[in-house]
Structures are given as C-alpha cells and as structure tokens.
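Derivation of every value follows stated rules applied to the coordinates shown; laboratory data play no part. These numbers were taken from a predicted model, which means no experiment stands behind them. Positions of Cβ are backbone-derived with ideal geometry, glycine not excepted, and every protein chain shown enters the neighbour counts.
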Amino acid sequence: MTMHDLSGHRGLGRSAIVLAALLVLAVACTSSETQTATATDRDSGQNTAAAAATAPPSPTTTPVAFTPTATDDDVEAAVATFVDTSSSANASALVEVIGANRHERWVPWLIDLLRINVSQGVSGQIGDTLEAITGVKSRDHVANLNSYGSWSQTRELDGGVGYVDFKATLYERIDDDFGPLLRSIADPVELAGVQWGGVPLGGIPELNDPARVPAAEASWMVDDEVVLGIVANGEAVAYPLRILARHELANDTIGGDDLAVVYCTLCRSALVFERNVGGEKLDFLTSGLLLNSNKIMYDPQTGTLWSHLRGVGIGGPLVGTELVVRPVNHMRWSDWVAENPDTEVLELPRPIFFDNPDRPPIAYDYTPGEAYRSYYENPDVWFPVLDVPDDFALKTEVVGIERNGDSLAFDVGAFNAIGETTNLEVGGDLLTVEPTGAGVRVFDANGERVVTEQSFWFAWHANHPDTRTLDF
C-alpha cells in the first residue's frame, strides 16, 4: 500500500507540542476555578467540545436599555492586558469591561473566547454578557456558542479595530500556524466567522496517492455502501465514503489528471478540484479551521487558504483564485461497478504512524456508516452556521444547481425516492436530472455533465442565499 510520509507534514509532527500548548494555555487561564477540557479530537472521531454545542438557538429577546459605563478605549486596554498575560483573572476582567461597554462589535471577540473555553467561570460570564448584548437567551453558555455565532455571522459583524490581531494571537496558542493564516484572510467578516475545528493544521491526515485495487479484488466492499465515483480520461476510480469521511481529502491522479477529492463531514459535501493552479501542482490538506461549519483547506505550496464549498482562495497569495471543479458521482458500490466494471477502488488504509513517539498511531474504524454516526443521527450542528429559512431542515441533504445566475435546491432523498429522470429549468436552461440512488447526475441540452453540489441545506444556502427550492 502506498502511504504518504507524514514526517515532514506541517502540524502533524508537532501534534504533541500543540497539545502541550493547549495545556499551557489551560494552566495559564486557571486560577481557583475548575478548568474544563478545550481540545477536541476529530482524528479519532470524537468531538466533545463541538458535540456540546448542539443546542438549538434559544428564543431572542429584546435587550433592555443600557447606558455604557466603559469606553472602547477601556475595552482595548483590557484586551492588551489579557493578550500580555492570558490568565483567567484577566479574561474575566476583559469580559466584565465588555459587559460595561455592551457594543455588538465585541460579540466576535467573546465568541472566540467562548470557543477556546478559558474556564468554566469565564465561559459562564461570557454567556451572560452575550445574552445582554444580543438578546439571545442563554441556557448553559457553551452550548449557545452556535446561537451567538449564528447571530454574529448573520449580522456580518467583523470585530472592528484590533480584532484581527486579537484573534490571531488567541489562535496561535492552539497552533502557531493559525496566526499567520488568520491574518491572511481577506474578508474581515469571514475572519470573524472562522472557528477552530478542534484539530491543528493538517490534523486530519489526508490521503496522498492512495493505493487502489481492481474492483474484483476489493472483497471488503459492500454492495449498498456509498462511493464517490470519478471518471477522468476513461479511468474510473471509486472513493468509499467510509474512507473519505475519516480523511476528508485525497490528493490523487486519475487518468493522468491531478485531482483532489475533498469531503466535508460537517456539511456532508464532496467536491473534486483540479490541483494544477497557475502552472503549479497543489497538495491540499485540512487547515483545522472552519467557516459556517464547512472545512477550510490549505495548500503548503502557496500558503493559501481555500473555501471548500466555494472553491475559492480566501486567504494567502491566491485570494480570489477559483479552483476548477469536476463532476463527482454519488452511487452505491454495486451500481458503480455495474456501470464501470473496470473501476479501481481505494484500499482500506493501514494505521497512520506519526514521527513523534509520544503520539500513538491512528487506526480508524472504516465500517460503513460509522464515521460521524452520532452527528448524522442528530438534527443539530456542532458549529455556528448562518441563519437559514425553514424550506428544509438544517441537515436535509440537498442537491444544488447554479446556472446563469440562478440557483435551485431540492431534497436528494425525496428525488431518489421517486426514481424518475426529470427535466428542470435553471437559469433559462432546460436540464435533465437523473437519480443515481445516492445522488443525482445533471446534464444540459447537449448531454454534457453539469457540475452540481450535494450538501446539507445550511451549507448550500450559505453560499446561495437567493436560491429557489423545489419539493418532490
């Protein structure tokens, strides 16, 4: 089996150091209060802090009239003190001054403190202050991270003067790579919405040139399991969802084309990108950062941050550059093999060993349906998302089509339950939509494949707020 060398991989060889840094931050932020765990481990499929953030938004109330007793200068002085010495006492003092100022510009600052989880006492204080500023009823504070994050993102708050340095400095204490990455993000509103996903840079090990075998040799495959099927220049390759859900990224070459298969478990969306950008072949990896509960990718060749669902650079040298997207097929394994009898499929990866002896190897459970099972069985999300209309539930899996400035979304499960090919008009073009059992394929009037997106409703709507919806 071909397995990439992780020894030179940024963020992975330093994992023990990163965890140590988290412990240092915890100790520094603890006075007489009990410290709660802040780190999450998506490597092992456990996301305890994020899982605690699944409470739905509480009803919004109108904040009572308030006369500020602290100026912005007072808050900025408290920020400087906290940044210089990140003790629990200084964090508490900062939150107290923000509470005395009570301007909504400080909401992103408080959300970042809440996500880092300075201490139980400070988290409770933050919750009370956020409730006072936003009018969103606080219940157990940490669980309302989603409510307050959604409130802030929907209002497009950017944190104002000094916020970039504050956030970058705070996140550098999780992983020192985070600081320059956050400072490179071009849009201040997007920066304010970025959340730590629970792992350092490269903390979810991607697959590079993964080993493949012919379908006839893949005795471990199950007829009904879902695969992401790709065809390039006559070569067909299947990427079992049970594998991609653990690694989220595969940098590969299919039919001579360098491609990246990128899967975001949190928004349940797979996209295929061309890796040759501006004459350079890029290797994509997980940044450890999220925006609207969607993964942000990173390439070490240029140091650019990439939005997964938008396929565009949002930070670093290639800001604004759009990646070329290729079609992907969501199908059951048996259907894919029947259609592509010469297909290859990924081998089950072996345990991944790190260069640091203090970190044990990762041996994922690749049983179909096991990855993120609890997340998919729950209607709530783990991280803040933009407010969405109730056309569908947050985590309804939809197919989104964008054409000539028009966009349309429909429930992929409902469409496949009908099981009939349908014609739909999008952007003035008549398109043919055929069910594949686990997804759809869309063709234009000339029979050419149309690239679509399959994701949770909240993820599609975030990037297509004016989308139309269709019921089946």
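Out of the GluC sites (Glu not before Pro) in region 380-472, which ones are loop residues according to DSSP with at most 16 other C-beta atoms within 10 Å? Of the GluC sites (Glu not before Pro), the ones in loops of region 380-472 whose Cβ has at most 16 other Cβ atoms within 10 Å are 420, 448. Under the criterion of Cα pairs below 8 Å and six or more residues apart, the relative contact order for region 397-470 equals 36 percent. Here the dipole of the chain is about 840 debye; that uses its Cα centre as origin and unit charges on the Cβ of Lys and Arg (positive) and Asp and Glu (negative). Taking the longest Cα principal axis of the chain as reference, the axis of helix 120-134 is set at about 90 degrees.
All C-alpha pair distances within region 207-346, sorted into 5 Å bins from zero, spread as 2, 10, 22, 23, 19, 12, 8, 4, 1 percent across the bins. Output the 0 to 90 degree angle, nearest 10, between the alpha-carbon long axis of helix 107-116 and the longest principal axis computed from the alpha carbons of the chain. That helix lies at roughly 80 degrees to the long axis.
Would you mind ranking 295, 281 by Cβ crowding within 10 Å, fewest neighbours first? Display every interim value, and only then the final one.
Details: 295 26, 281 13.
Listed from fewest to most nearby Cβ atoms, that is 281, 295.
Here region 397-470 was treated as a single set of alpha-carbon atoms; its pair distances binned every 5 Å from 0 give 3, 17, 31, 26, 17, 5, 0 percent.
When each of 377, 274 is scored by the number of other beta-carbon atoms lying within 10 Å, the sequence from fewest to most is 377, 274.
Please compute the volume of the convex hull spanned by the alpha-carbon atoms of the chain and report it per residue in Å³.
On the way: hull volume 67.7 nm³, N = 472.
That works out to 143 Å³ per residue.
For the chain, averaging the sequence separation of C-alpha pairs within contact (under 8 Å, six or more residues apart) and dividing by the residue count gives a relative contact order of 15 percent.
Short-range pairs are left out: with C-alpha atoms under 8 Å and at least six residues apart, the relative contact order of region 111-214 is 22 percent. As a rough footprinting exposure proxy, the listed residues 273, 472, 456 were ranked by other beta carbons within 10 Å of their own, and the order from fewest upward is 472, 273, 456. Placing dummy labels 7 Å off each Cα toward the beta-carbon, the span from residue 380 to residue 363 is 3.3 nm. Choose one of 357, 374, 291: the residue whose Cα lies farthest towards the positive end of the charge dipole of region 267-391 (beta-carbon charges +1 Lys, Arg; -1 Asp, Glu; about the Cα centre). Among 357, 374, 291, the one farthest towards the positive end of the dipole of region 267-391 is 357. Estimated from helical segments only, the mean residue ellipticity of the chain at 222 nm is -8000 deg cm²/dmol, where each DSSP H run of four or more residues counts as -39500 (n - 2.57). In the calculated pair-distance distribution of region 343-472, the portion above 18 angstrom amounts to 64 percent of the Cα-Cα pairs.
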